[in-house]
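To keep things clear, I will list the structure first and then write my remarks on it.
We did not get these values from a lab; they are worked out from the coordinates using the rules stated. No experiment lies behind these values; they were computed from the predicted model shown. In this analysis, Cβ positions are derived from the backbone assuming ideal geometry, glycine residues included, and neighbour counts consider all displayed protein chains.
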Amino acid sequence: MWTTLRFFQLLGLSVLLGGTSYFSFIVAPTLFRGLPREQAGDIVSLLFPGYYLLSAIAIAVTLAASAFLFWREGAAARSSLASIILLGVMLIAMLYAGQVITPRAHQLKEESRIAQETPRRAEIDGEFNRLHRLAVRLNGFVLILALVLLGMLSSRLRI
C-alpha cells in the first residue's frame, strides 16, 4: 500500500513537471517562433484548458497521496506536512491561473480585436499583458515548487 501511495505521489509530480516543462519550454515557444503572433496565441489559448486541467489533476493526485501518507505516518512526518502545504499552494495557483486569469485574458483578447486601433485598445492590451505576466509567474512559481517538492520526496525514497 505504501509503495502504491508513493508511486502516485511521484506519478502526479512527474506529470506536472513534464507537462509544465514541455508546454512552457517547447510547445509555446515553438508556436510563437513558427507562426504569426496572433495565430500562435489563438492555438495556445485553445490548449490552456487542457493544460490547466492536467496540471490541477496531477497536483490533486500528489496531494491526495501525500495527505493519506501523512495521516498514516502521524505528526512525526514534518516534511510530509510541508509537502501538503506546498501542494495546496500549487493547486491554488494553478486553479487561479486556469479558472480566473485565463478566461479573463481570453475575453480581453477578443475585446482587443473588436477595439482595433482605438485608444481603448491600448488599455485592453495593457491589462492583457499584466494578466499574461501574472500567469507566467504563477506557472514558474508552481514549477519551482514542484522541483523543491521532488527534492523533498526523493530524499525520502529508500531503494
Average Cα contact separation per residue, the range 2-155, under 8 Å, 6 or more apart, as relative contact order %: 29 percent
Placing each pseudo-label 7 Å from Cα in the direction of the beta carbon, S21 and L95 end up separated by a distance in nanometres of 2.7 nm
What number, in percent, do you get for the relative contact order of the range 1-87 if the mean sequence gap of Cα pairs under 8 Å and at least 6 apart is divided by its residue count? 42 percent
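Mind ranking 58-70, 91-103, 38-50 by how tightly packed they are, going by the mean number of other C-beta atoms within 10 angstrom, highest first? Present the calculation step by step, with values, prior to reporting the outcome.
Numbers: 58-70: 20.5, 91-103: 17.4, 38-50: 14.1.
Going from most to least packed, we get 58-70, 91-103, 38-50.
Working out 0.36 nm times the residue gap between R104 and Q39, then minus their Cα-Cα distance, what length gain in nm do you get to one decimal? Show your work: numbers first, answer last.
Details: separation 65, 0.36 × 65 = 23.40 nm, distance 1.86 nm.
Fully extending the segment from R104 to Q39 adds 21.5 nm.
Under Stokes-Einstein, with the Kirkwood radius over Cα pairs standing in for Rh, what whole-number D in µm²/s applies to the chain at 10 °C and 1.306 mPa s?
Values: Rh = 17.1 Å.
So the translational diffusion coefficient is about 93 µm²/s.
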Over all Cα pairs of the range 60-131, how is the pair count split among 10 Å bins, expressed in % and running from 0 up to the last occupied bin? 19, 29, 16, 16, 13, 6, 0
In Hz, Karplus ³J(HN,Hα) per residue of the range 22-29 (6.51, -1.76, 1.60; θ = phi - 60°; x = Gly, Pro): 4, 5, 6, 9, 10, 4, 4, x
